[in-house]
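Visitor: Provided herewith is a single structure, encoded as structure tokens, for subsequent inquiry.
The values are calculated or read from the model by the stated rules, or taken from the named source; none is laboratory data. Values in this document were obtained by computation on a predicted structure and should not be read as measured data. As a convention, Cβ positions derive from the backbone with ideal geometry for all residues, glycine included, and neighbour counts pool all protein chains shown.
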Amino acid sequence: MRALPSLDIYFTIRVEGEAPDLPFLGPTVRGLLGYGLRQTCCGHDADDDGRCRMGDTCSYAYLFEGPLQQRMKSDRLELDALPQPFIPLVDPPFTVRKAQQRITFGVRLLGAATGLASEVATAIIAREPFGFGSRSKGFSLESVGIGGAVVWTRNADPAADELQNCVKYQSTRSIALPAPRAIPTQSCTLHWKFATPLALGAPIGNADNWARRLLDAATRRRWLLERAYQAPSAAPHHPPRSIDTVEFATRSVKVEPFRFERRSTRHGGLVVLNGMIGSVSIHGPWHRHADLLSAVDCYGAGQFNSFGFGQVLTEVDHSDEYLEAVPPRSPRALVEPPRIRSNVPRWVRLRGVPPPKPIQ
């Protein structure tokens, strides 16, 4: 499969009034972007299903309503839900912020959505009078960053006249493909850290087979994204099979459940999102899946990714390489050599032989 390009755009805002005190800001960022796009680019009529009639020519519909899912149905691929081509980039749950009024968050755009960076920036700044979350009175966009560089500041452009041009110019130069991963060619231990909550759904089979659960979640999300958001001929038609994980062994599991409730205007009720936070260490032949690990770094894994879930960090435990490079010492070398017993009295060994007596 061909990897999707991606673009990360970051926003720093100063909140007026009370900032959100939620344990996790992913759904708040999603709502901010969605309402902003509806306000700035989607005043179109809805079809019988309540979706925008403009389909994927509307930026809001392309990012949020998944018009491409209709195309996949025509290709005889029935799906319950299609991943959306963006990911909110937010702090881990329960992050303590030094300055509550200043908040930085990002949006990762995938595939053709990378061309919508300027529309995303316009959508964010359009929501200034309405606030960030339900508690604030408003906010001010202070700066925008792309590719690790600040491309726009409010101080330099108080009226925000150059915001779109600055974002559009830099975004075309900062689109990147997933970076290749350097994985040891022998089996090693890989730490999976769930930077944001990870939702894997109900376990199929052995719930303790973490390698199977993680690899299946990552493989399925990768296939769905690359199948939907690039040319159909560039990705396999059928979903991938489960990966054989008989050679993998779970070394440690430190996870706890995470539950997040949010009020949805669209659904008219309370929506509950469940996931896990923590880390898992697994030993196995990870070099066979280096491409998939690169995809995980960019696409994330699991469900609810458009709410900020599923950002996973993977790191090789290089102490395994040291243990394999230095062979263990022989047990015989660890045993102290036997002591030779002496027939000399102990007081002689301690004080030495007394001097000879003078001859009378």
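Visitor: Part of a loop (DSSP other than H, G, I, E, B) and at pLDDT 90 or above, is that true of Pro236?
Guide: no
Visitor: Ok, one more. Look at Leu198 and say whether it is surrounded by fewer than 13 Cβ atoms within 10 Å (Cβ to Cβ) and under 16 Å from the mean Cα position of the chain (by Cα).
Guide: When the stated conditions are applied, Leu198 does not pass them.
Visitor: If I filter region 277-288 for residues that are assigned by TED's automatic domain parsing to the domain that holds Asp208, buried (at least 17 other Cβ atoms within 10 Å of the Cβ) and assigned to a loop (DSSP other than H, G, I, E, B), do I get at least one hit?
Guide: Looking for residues that are assigned by TED's automatic domain parsing to the domain that holds Asp208, buried (at least 17 other Cβ atoms within 10 Å of the Cβ) and assigned to a loop (DSSP other than H, G, I, E, B), one finds none in region 277-288, hence no.
Visitor: Specify which of the listed residues (Arg127, Arg173) is loosely packed, with under 13 Cβ neighbours inside 10 Å, farther than 29 Å from His287 by Cβ and over 21 Å from the mean Cα position of the chain (by Cα).
Guide: Arg173
Visitor: So which strands (runs of 3 or more DSSP E) stay within region 106-203 end to end and still have 3 or more residues that are β-branched (Val, Ile, Thr), assigned by TED's automatic domain parsing to the domain that holds Arg259 and more than 22 Å from Asn305 (Cα to Cα)?
Guide: No strands (runs of 3 or more DSSP E) qualify here.
Visitor: Also, quick follow-up: May I ask you to list pairs of residues, at least six apart or on different chains, whose Cβ atoms are under 6 Å apart, with the first in region 230-255 being at negative phi and the second being among the charged types (D, E, K, R) and at pLDDT 85 or above?
Guide: Cβ pairs passing all conditions: Ala235/Glu226; Ser242/Asp216; Thr245/Arg212.
Visitor: Tell me which residues, restricted to region 1-16, are modelled with pLDDT of 90 or more and of a type outside the set (A, V, I, L, M).
Guide: The answer is Pro5, Ser6, Asp8, Tyr10, Phe11, Thr12, Arg14.
Visitor: So, one more: Quick one: in region 1-35, of everything that is touching a strand residue (DSSP E or B) at 6+ places or on another chain (Cβ under 6 Å) and of a type in the set (Lys, Arg), which residue is nearest to Gln230 (Cα to Cα)?
Guide: Arg30
Visitor: A follow-up question, please. So, in region 71-96, of the ones that are modelled with pLDDT of 55 or more and polar (S, T, N, Q), which residue ends up surrounded by the most Cβ atoms within 10 Å (Cβ to Cβ)?
Guide: Gln84
Visitor: Any idea which of Val167, Val151 is buried (at least 17 other Cβ atoms within 10 Å of the Cβ) and without any contact (Cβ under 8 Å) to a residue 24 or more places away in the chain?
Guide: Val151
Visitor: May I pose another question? Going through region 134-150 one residue at a time, which ones are small (Gly, Ala, Ser) and either modelled with pLDDT of 85 or more or within 21 Å of the chain's Cα centre (by Cα) (or both)?
Guide: Within region 134-150, Gly138, Ser140, Ser143, Gly145, Gly147, Gly148, Ala149 qualify.
Visitor: Return a yes/no flag: does region 251-259 have any residue that is touching a strand residue (DSSP E or B) at 6+ places or on another chain (Cβ under 6 Å), under 24 Å from Phe304 (Cβ atoms), at pLDDT 90 or above and among the basic types (Lys, Arg).
Guide: Yes.
Visitor: What are the pairs with Cβ atoms under 7 angstrom where one residue, in region 117-145, is under 10 Å from Glu16 (Cα atoms) and the other, located anywhere, is polar (S, T, N, Q)? Sequence gap at least six, or different chains.
Guide: Glu128/Ser140; Phe132/Thr28
Visitor: What's the number of the only condition in (1) over 17 Å from Arg14 (Cβ atoms); (2) free of Cβ contacts under 8 Å to residues at least 24 places away in the same chain; (3) crowded, with 17+ Cβ neighbours inside 10 Å that Asp161 fails to meet?
Guide: So Asp161 meets the others, but not (3).
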